[in-house]
Every structure is written in C-alpha cells, then in structure tokens.
Amino acid sequence: MKTKDLKVISFTLACWGLSFIGSGLVMNTKETTITQTRYNLSVTSNKVAESKTNEIKLKDMSLEINTPLSVDVKDYLKDIENLETSVLKSLKLDTSEVNVQEAGTYRYTITYKNKKYNGTFIITEKELPKVTLTLKNLKLEKDSILDTNLSTYIEEKIPEEIIENIVLNLSSVKTNVEGIYQYSITYNNKLYTANIEIFTPTPKAPTVITPNTPENDNTTTTPENNQNETN
C-alpha cells in the first residue's frame, strides 16, 4: 500500500474518533433514566446417589433359649442400606443347624449365587433370679433312703421357678457305709456343697422284766387255811 493511501486512511479514522467522542459528550448531557432490575437466585442441590455394593457382611447373632428364630434375611446382615436391591432379593437364609432349645454356639449360612457365607449364632441360657442358697449338714441312719425333695437340703424357701433349675447331686453318698459324705447343689452355674453323715444308731438296752418272787412280793395276803381252822 502507498504512503498516500495510508495517510488518507489515518485521517478518516481520526475523523471517526472525533465523531464518536462528540456523540458521547452529547449523550452525557441528556437526562439518564436508571432502571433497577431485581433477580431471584435459587440454588438447587442435586443429591448424588450413594454407590451400592454387592459385598455381603453377616452379623454375630445371639438369642435366649426357647426364643423363635427370625426368618428375615435382613436381620442377619450388616450395612444392609448399602447392599444392592437385586442382591438382597437373591439371598437365601439357612438356620437349620441352630437349636433354640439348647444353649450353645451354632452356625447359620446365607447363600448368594452358589456361594455360602457362614455366620455365628449363640443360644444363651435364660437369665435366672439371683439368690444365695444355704445347705444343711445332715445326719442319717445307716441304710436310710435318700430324699430327693430339695427342701430337705436347703434352708431357704425356694420358688418353683428356681426349683426347676436346681441340680441336686447325691451320687457320692453311700448310705450303707458309715462316714461323712459331701453332696452338692448347682444353681445358675454356682456350686453349693454340704455334708451328710451316715451313722449306725446305738442299740437300745433290752428291757428287764423282774418276776414276782416271795422275797420281792410285798403284797399282804390273808391265809385262808388259818381262817378255816379258827372257825
């Protein structure tokens, strides 16, 4: 491009600039109307769905003796809220090895897609009333028959609920042999002991009956023969 053309372009741009400045000055001299616009801003939070899992975790279960078992598989699972619904519906519970009528430790299983998960199930003894027993020390004649009534051996009066859970052990007592033997009572996993003495009673002295003899007879009699002779 020639120098002459550049000068013409520069002059034209300069004129435009002066024209814009003039227009701005004119606009500023006019009254300006200010409009206030209010905007409401609302923030919406989208809850992100928690990720689910297919990891199966079992609980250690415990139940008092003679209490029915739950058949709901959800009662046996940890973190069930994080488990996928499809997985939960496919689980199979097996408690056939658990004997609720006998205290002990058992196993239960949950199966998912032919895979077995094993859990522990404890059946506990029923909680019994707390009492302290006082046993009697007894003396029995040789060849006596041992009584099985608990009141024979225990000082306190025992309620029926406690009697049903007391175990009396007289196996070491030999009633046909003199001596001192120990017997025991077990209640609520506590052992109580006392003694039974087997003895032979002292024979009673025989009763001596003294016959009536003339020397020992103090009875006064009247001789009939003398009376007849006198008559």
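Placing a label point 7 Å from the Cα of ASN188 along the Cα-to-Cβ direction, the residues of the stretch 106-144 with a backbone N closer than 15 Å are 125-134. Here the stretch 149-164 and the stretch 61-125 have alpha carbon centers that stand 39 Å from each other. Neighbour counts of C-beta atoms inside 10 Å place TYR187, TYR153 in the sequence TYR187, TYR153, starting with the fewest. Please report, to two decimal places, log10 I(q)/I(0) for the stretch 138-199 at q = 0.20, 0.22, 0.26 Å⁻¹ as given by the Debye formula with identical point scatterers on the Cα atoms and no solvent. Computed log10 I(q)/I(0) values: -0.77, -0.89, -1.13. Computing Rg and the Kirkwood Rh from the Cα coordinates of the stretch 61-124 gives a ratio, Rg/Rh, of 0.99. Sorted ascending by nearby beta carbons within 10 Å, beginning with the fewest, GLU81, GLU178 become GLU81, GLU178.
Coordinate-derived values only; no laboratory data. Predicted model, so just to flag it, every value in this text is computed and none were measured. Here Cβ is always computed from backbone atoms with ideal geometry, including for glycine, and neighbour counts include all displayed protein chains.
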